[in-house]
Amino acid sequence: MPDEVGFITMAGAKATGEAPEIGVGMMGYAFMGKAHTNAFKKLPYMVYPPPAIPKLIAIAGRNEESVKEAAKRYGYATYYTDWKQLISDDRIQLFDNGGPNDAHAEPCIAAARAGKHILCEKPLARNAKEAAEMLEAVEKAGVVHMVAHNYRFVPAIRLARNLIESGKLGQIYHFRAVYLQEWIMDPDFPFVWRLDRKVSGSGALGDLGSHIIDLARFLVGEPRKVSAMAKTFIKQRPLPGGGSAEVTVDDAFVSLVEFENGAVGTLEASRFCAGRKNHQVLEINGANGSIVFDLERLNELQVFWKDEQPRETQGFHNVLVSESYHPFWEHWWPQGHIIGWEHTFVHEIAHLLDAIVNKKTIAPYGADFLDGYKNAVICDAILESAEKEKTITIRY
């Protein structure tokens, strides 16, 4: 049974030898609703024995026909057209918020006050003020809280973190990251919520940049200063019913970053890069070597060691991160049998359920609402720097 903040006790599990069930309530049924549900259903037999069994209780969305179909398709027992009904459902211990950015704060705060644990899609909020209110709510309620920065759970990214934590890479000098897509390049692409600052908070910055900001913090450390430019290339978009609407977010941004540990870096994201589908590439240069990661080849990590011998064959090694001793691989296949993007959510949600059941912390390997708040502060600073054409010091 849940305790006063919804923790699932392990007493029953120890007595029966079975993992406890955690009731899941999902808000949103599109891209992230599908990705998260896939992980909830796959987790119990791949991460075995599982920390808990996700039970798909209810899914919520504004369009009744669509959410009813989603409940049937995904296997949720109930559907709601009002997220408040989802929050008030006593069968639910975990609230999974996959809604648009403007629907993150109010439902998550309500869920925290109702004693629900929370998984919220990124970016956590539209701005730092909103994120701070969400952080305050979950901390006051004492619930487990996680932001869905799933790239922390790519085996190659976790291996990179392990190499850096071990000191093997030495002092870090550079972090550079790009996240490039092409999907809104067509001037006739219609106006959608991601192009409205009131709903999304920002454009490529929050959609793509928040991921590489999170990875910069996860792998290198806290940024100290940012200096940025942002650009909107197409300022009017057609509306589905006729007419047009003003695009009020960035189509692309570029930022210089100075880290507290003395490293320097660059961050760039754009949705106007022809031929780039989901091009996220990171490079980290340290005193003893370098690491390169490409999301579209997520089972691989390129590594260079400066003092490797013999010198005649020195160069970047393309490491296939699929051995049994690599991060997360005890759950999967024999070496060389690669996994995909969707499996990062299995790792992420297993980490969350373990924290709920066994009263562990989400940080430092998962992103909690404090990480989400700091990410929002950095996003705000990048926008401020671009608007004022000046360097901004990060202050949490």
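Here, each number is a calculation from the coordinates, and none is a lab measurement. Predicted model only: the values in this text are computed from it and were never measured. Glycine gets a Cβ as well: all are built from the backbone with ideal geometry, and neighbour counts include every protein chain shown.
The antiparallel fraction among DSSP beta bridges confined to the chain stands at about 60%. Anisotropy class assigned to the chain is oblate, per the alpha carbon gyration tensor with a/c at or over the 1.5 cut-off and a/b no larger than b/c. Tell me, which longest segment in the chain has none of the trypsin sites (Lys or Arg not before Pro) that fall in DSSP loops with at most 16 further Cβ atoms within 10 Å? Longest run free of exposed loop sites: 92-167. Applying the criteria of a DSSP loop state and at most 15 other Cβ atoms within 10 Å to the GluC sites (Glu not before Pro) of region 215-297 yields Glu260. Comparing Gly142, Gly315, Gly221 in a Gaussian network model of the chain, where Cα atoms under 10 Å apart are tied by springs, the biggest mean-square fluctuation is seen for Gly315.
Pairs from the list Lys122/Lys277; Lys34/Lys55; Lys72/Lys198; Lys42/Lys277 with a Cα-Cα gap above 24 Å: Lys72/Lys198; Lys42/Lys277. Counting only aspartates and glutamates at least 8 places from Lys360 when in the same chain, those with an alpha carbon closer than 16 Å to its own are Asp3, Glu139, Glu348, Asp368.
The order of Asp307, Asp102, going from fewest to most other C-beta atoms within 10 Å of their C-beta, is Asp307, Asp102.
Mean-square fluctuations from a GNM of the chain, with a 10 angstrom spring cutoff on Cα atoms, peak among Met27, Met134, Met229 at Met229. Entry note, the chain: the mean residue ellipticity at 222 nm calculated from DSSP H runs of n ≥ 4, each adding -39500 (n - 2.57), is -9500 deg cm²/dmol after division by the residues and rounding to the nearest 500.
Over all distinct alpha-carbon pairs, what is the Kirkwood Rh of region 202-253 in angstrom?
13.0 Å
Just checking the listed ones, Gly167, Gly61, Gly28: in the Gaussian network model of the chain with Cα springs under 10 Å, the one fluctuating most is Gly167. Straight-line reach from Lys306: taking Cα to Cα under 25 Å and skipping same-chain neighbours fewer than 8 places apart, the lysines in range are Lys168.
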